[in-house]
Each structure stands twice: as C-alpha cells, then as structure tokens.
Amino acid sequence: MKTAEIVDYIVGWLHDYCDTAGQKGFVVGVSGGIDSAVTSTLCAKTGKPVTVLNMHIYPHPAHVDLARQHIAWLKQKFSCVTDVTLDLTPAFQTLEQILPPEIQDALTMANTRSRLRMLTLYAFAGHHHLLVAGTGNKVEDFGVGFFTKYGDGGVDLSPIGDLVKSEVYGVGRALGIVNGILAASPTDGLWNDSRSDEDQIGASYDELEWAMDFVAEKKDPTRLSSREQEVLSIFRSLNRANRHKIEPVPVAKIPAALR
C-alpha cells in the first residue's frame, strides 16, 4: 500500500470537496479509536478549521483517556484544530426517562447513544458551516454494516470509507497516531462495559477483511477450515441482514403511466 500517496490523496479530496460544498471545514467525533483518530488527522492536514468533539455518555475511563491523548496530540500539531468536550449523559438520561421501558433493550439504547452524538455533531456543523466527517471504514460500512443507521452512519462525507481496517492502521502509523490508540482493541464505545467490536461481531477485522475479499473474488469454499467457514458465515449473515444500511435509501419510482 502506498500509504503516503493515499494520505495525500484523501487530504486533497477533503480540501476540494469542502471548497465545492461551500463549507469552512470539518467536525469529527473523537472516540479514542483508530478510525476517528485517523479521520480527524486527515481533516486537520487540509489546514481548514476542524472541530473535534469528545462526547461522553456514561463514559468508560480508558476511552476518555485515549480521546484526550489524541486531542492533545492533534492540537499540538495543527493550529487549525479546536476541541469541545461534552457530557451528553444528562440528555441520554432524559431519553431513558421519556422512552417507554419496553422498547429500551440494550441494542436500541446503544444505537440511541450513537444518534444523540450525530445530533450533536450536526448542531456544531450547522452553526459553524462545517461538514460532518464520517469515521467508518470499508469493512464496517460496506462489508458487515457495523454502524448505527442515522447515528455514526449519518455523515456528510466518508474519508476512510474505501480503506479496510488494516489499511487504516497503516495510515495511522504513518500519521504518527499515539501508540495507545494503535494498540487498543477496536470498540464502538456504546455500551456500559468494555466489550470490543470483535466481541460483538464474533470475528476480528483481519478475519472480516479475508471474508470480504473471499466473497468479492468468488473463491471456492470447499477447502476452508472450520474457523474460515464460521467467519464466512458471520460475514455473509451480517452483510445480508444489514443491506438496508449498506445500500442507499430505496425510492419508490412511480411508473410514467401513473403520472
């Protein structure tokens, strides 16, 4: 992978898209994970104003610390970066009090956290004329649909959406992202515990990348190991179940004869 060239390409693409859209810069939600760290750094390299939001909802101390480390590093390197830390826990607690208890299952409320963060990002984006930069990678967004619809999937543009997770790490190392983030297990931070993405999905990102390539290249599945068969089943099941997130919103096209 030509990492330096990829970095330059994405930075140029971000700069040009922002100019074409008539906006001033970018806003990024920083979680303490590699995807948001890389995305915010690429945005900062454009030289345009970048606001990074550290949004807490029942925060996990380790995630908060990594986010703070990244923000401090980012502001030291780039004068165009400003940061805001927000405790969204009271707002989330209000929703917990208002929503009927019977719909407050764990997954619903985890997705609600993500949608509350999206609302906050767009409040800053609209007021300051910024674009919301998405932090999803190719495996999450177009492989298994591991994101919240109209939560972290609600963005204006996707700088790393064509990079698989291993490539995101490669870019992160090239950018000099802090070691703690590079070493941390990927997590969406939407739960009250420290569960990782792998805990939720049942497969690592390396395994999912393999499965994504396997399916795309239509390889012969007859000689796979039992674990490879399991991973392939996980990938195909999630890809099928999440097509409504991966594909564009369907539009009911009215036949000409009815107009």
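All other residues whose Cβ lies under 12 angstrom from that of A62 are scored, Lys and Arg at +1 and Asp and Glu at -1, for a net of -1. Between K149 and Q97, what FRET efficiency follows from the Cβ-Cβ distance if R0 is 35 Å, with the result rounded to 0.05? Taking R0 as 35 Å, the efficiency between K149 and Q97 is 0.90.
Between the stretch 95-129 and the stretch 63-90, the C-alpha centres lie 21 angstrom from each other. May I ask you to derive the FRET efficiency for D105 and D206 from their Cβ-Cβ distance with R0 = 22 Å, giving the value to the nearest 0.05? After rounding, the FRET efficiency stands at 0.15. Within the straight-line cut-off of under 28 Å between alpha carbons, the lysines reachable from K165 are K2, K45, K48, K75, K77, K138, K149, K218, K219, K245, sequence neighbours fewer than 8 places apart in one chain being disregarded. Amide H contacts of D83: V52, each under 5 Å away and 5 or more positions distant or on a separate chain (H built 1.01 Å from N in the peptide plane; Pro and chain starts excluded).
Suppose the Debye formula is applied to equal point scatterers at every Cα of the stretch 20-119; what is log10 I(q)/I(0) at q = 0.20 Å⁻¹? Each listed q corresponds, in turn, to -0.97. In a DSSP loop and with at most 11 other Cβ atoms within 10 Å, the GluC sites (Glu not before Pro) in the stretch 209-245 are E217. Each pair of Cα atoms in the stretch 3-197 enters the Kirkwood radius, and Stokes-Einstein at 25 °C and 0.890 mPa s then converts it into a translational diffusion coefficient of 146 µm²/s. A simple rule links phi to the HN-Hα coupling: the Karplus curve 6.51 cos²θ - 1.76 cosθ + 1.60 with θ = phi - 60°, which for the stretch 181-187 gives 6, 4, 8, 6, 6, x, 8 Hz, with x for Gly and Pro.
Helical runs assigned H by DSSP (4 residues or longer) give the chain a calculated mean residue ellipticity at 222 nm of -16000 deg cm²/dmol, each run adding -39500 (n - 2.57) before division by the residue total. Between Y58 and D220, the contour length at 0.36 nm per residue exceeds the Cα-Cα span by 53.7 nm. Counting neighbouring beta carbons within 10 Å and listing from fewest to most, the residues S204, S36 come out as S204, S36.
Per-residue Cβ neighbour counts within 10 Å put R68, R259 in the sequence R259, R68, beginning with the fewest. Mean separation of Cα pairs under 8 Å and 6 or more residues apart, divided by the residue count, gives the chain a relative contact order of 20 percent.
Annotation: amide H of G25 within the under-5 Å range of L131, sequence separation 5 or more or interchain, hydrogens built in the peptide plane. The modelled label-to-label distance between L258 and E5, using points 7 Å beyond Cα along the C-beta direction, is 4.9 nm.
Along the stretch 101-117 the Karplus relation, 6.51 cos²θ - 1.76 cosθ + 1.60 evaluated at θ = phi - 60°, assigns HN-Hα couplings of x, 5, 9, 8, 6, 4, 5, 4, 6, 5, 5, 5, 4, 4, 6, 5, 5 Hz to successive residues, with x for each Gly and Pro.
Read the figures in this text as sums done on the coordinates, not as results from a lab. Small disclaimer: the values here were computed from a predicted structure and weren't measured. Methodologically, a virtual Cβ is constructed for each residue, glycine included, from the backbone with ideal geometry; neighbour enumeration extends over all protein chains shown.
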